Amino acid sequence: MCGIMGCIGSVNSIPQVIEGLSKLEYRGYDSAGIAIIKDDSVIINKKEGRLQKLCDTLSEELYANIAIGHTRWATHGLPNDCNAHPHTDCSGKIALVHNGIIENHAALRKGLQAEGHIFLSETDTEVISHLVEKYYTDSIEAAVRKALPFLEGSFALAILCAGEPDKIIAAKKDSPLIVGLGERENYIASDIPAILGRTNKVYILEDNEFAVLSKDSAVITDFGGKPVEKEIFNVTWDPVAAEKGGFDHFMLKEIFEQPEAIRKTLSGRINNGKVDFSELGFDEIFKKAGKIYIVACGTAYHAGVVGRVAIEKLAEIPVETDVASEFRYRKILWRPDDFMIVISQSGETADTVSALKEAKQRGIKVLAITNVVGSTVAREADKVIYTNAGPEIAVASTKAYLTQLTVMYLLAVYMADLRRSYDPLKLKGIVGDLFYMDASIEMVLKENEHIKSVARKYKEVESTFFLGRGLDFAVALEGALKLKEISYIHAEAYAAGELKHGPLALITKGVPVLVLITQDKLVDKTMSNVKEVKARGAVVVAVCKENLKDACNECDEQVLLPRMNPVLTPLVSVVPLQLFAYYMAVFRGTDVDKPRNLAKSVTVE
């Protein structure tokens, strides 16, 4: 859960590394650091806090053709200057940055200390620099290769050595790492946004791959030194898409990009009014499916909850939705016709990757849904569906979530068609309705100022509740998470019928309760729960469809949605909740795009 950037070339690498790190701050922003080689010496600058604090310490005259940098999300040791990366060996001639966790660091540290190595930090990472030092004689490449077999856990590494100022060494295992190929300069980075605008040609490193970068070459081998043939991946993302484009925050920009994101997700996947996923080669698996396990974390898990309802309703296949961090520790009663769907925005979510690998070891077919081409889940799964959301920079996911929902609906319709489990005319109607979802979202975005005014009223509260039934409860989960993530307001989501089984004790005068009311057949039931909270003094904000507004007239506030098929309402009803969370965070002065303690790509378990 850290960001790595490195550059070696014929011009000053320092500003390029800093610029790359600025695009990776969503991966960690507890501290930042940079290492360069100048006059045959390693020079390190690192500071606790945001990247700008590091930048303030760097002289504009500082120049180096080789540099590696890091933004940190702390796992081992407090976020301070000492624990910030890069870390060095005893001599100060070797410096490295690391994303991942070295699980056997305590044992390695003890052994190295017994040999006389002196440690300066509390991190697991520092053991790597000392281990490389132990094996270094005259080749940094050979030393790193000798050290790697002793490391247990996950790592993406970028390493430089004062004695060999013409190369950067990189290695990858279970943490993301790419190589960018430029003109007389090459790059190492954790993610594609770091090199956008510099090059669109990358190698995506796989587990147990090793890279040696110079300004003119990038040689890829396995850990043992055997050459690896790599295909160049051409990045099609527009560099401008990774900029704010006039918006105050990336999150707001990405909320407003959702209509276009849905259009891109639908593009090419519907022919003659029917969803077409035949290219996956999963048709027989879909037809014979006994049970589907949808496994994900956080926001992606909430997309899976919606997917479960849609698949069971349309395709009539039993579905379990599981939190990935718990799934791998359960005893799963696999049957031959079961299969797994994993969902991950980054494609690198460690818990999800672990669950995926567990299923594969059992011979279970796995379908991945992700936004990142070449990511770990994309490579490890049997088949992958890309959401085509484009770069998402804000830590709190919005458009990636919405495109995950879109893919889940497309899959549900496709499986229902294959299995002939749902009325064909109604399926065709759902497909037609999907084409109008972008317009429906655009209508909700026009309510931006109204939603902003609602947020302004409640910006001082310290606790909120989200309620819903059926698909509305699935969306309530996501709404509560968004508010927690970026505004730091306590927020809980409940199935509305569960209120009387305990949560009602927490409802006091003035507490805001956001209620989703989009399921026509459940309106009366939900409104009875609204009356229960109003009787205890709660203030109720309803997100309801326009045709249901009269039924919701007892609510204190209303945010209206267009009329639509209740099956598809999660694609639209989540948008006002995203905007509400955004403005609550803005009014409270929090860092919307980089909320405390969180990182976007969760690469540790």
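The values are calculated or read from the model by the stated rules, or taken from the named source; none is laboratory data. Here the structure is a predicted model, which means the values were calculated and not measured. FYI the Cβ positions are ideal-geometry reconstructions off the backbone, even for glycines, and counts take in every protein chain you see. All accessible areas refer to the heavy atoms of the entire protein, side chains included, with ligands and DNA or RNA removed. Shrake-Rupley method; radii C 1.70, N 1.55, O 1.52, S 1.80 Å.
Here are a few things to note about the model shown:
- Among the GluC sites (Glu not before Pro) in segment 12-99, those placed in a DSSP loop whose Cβ has at most 13 other Cβ atoms within 10 Å are 60, 61.
- Where chymotrypsin sites (Phe, Trp or Tyr not before Pro) fall in DSSP loop in segment 324-366, at most 13 other Cβ within 10 Å: 329
- Ligands, DNA and RNA are left out, and with a 1.4 angstrom probe the accessible area of the chain is 38 Å² per residue.
- Taking N as its residue count, the alpha carbon Rg of segment 336-481 over 2.2 N^0.38 Å: 1.25
- Net charge of neighbours whose Cβ lies under 14 Å from the Cβ of residue 569, counting Lys and Arg as +1 and Asp and Glu as -1: 0
- Helices meeting the span-like rule in the chain (full DSSP H runs, Cα extent of at least 20 Å along the helix axis, mean Kyte-Doolittle score of 1.0 or higher): 570-588.
- Taking every Cα-Cα distance in segment 66-126 and sorting them into 10 Å bins from zero, the calculated P(r) comes out as 21, 55, 23, 1 percent.
- Solvent exposure of residue 452, expressed as accessible area, is near 50 Å², computed with a probe of 1.4 Å over the protein chains only.
- Estimated from helical segments only, the mean residue ellipticity of the chain at 222 nm is -10000 deg cm²/dmol, where each DSSP H run of four or more residues counts as -39500 (n - 2.57).
- Computed Rg/Rh of the chain, alpha carbon atoms with Kirkwood Rh: 1.00
- Phi angles of segment 560-569 translate, via the Karplus equation with coefficients 6.51, -1.76, 1.60 and θ = phi - 60°, into HN-Hα couplings of 8, 10, x, 5, 6, 4, x, 4, 9, 4 Hz per residue; Gly and Pro are given as x.
- In segment 307-391, GluC sites (Glu not before Pro) in a DSSP loop with at most 16 other beta-carbon atoms within 10 Å: 316
- Solvent-accessible area, 1.4 Å probe, carbon plus sulfur percent, for the chain: 49
- Over the chain, Cα pairs under 8 Å with separation of 6+ residues give a relative contact order of 12 percent.
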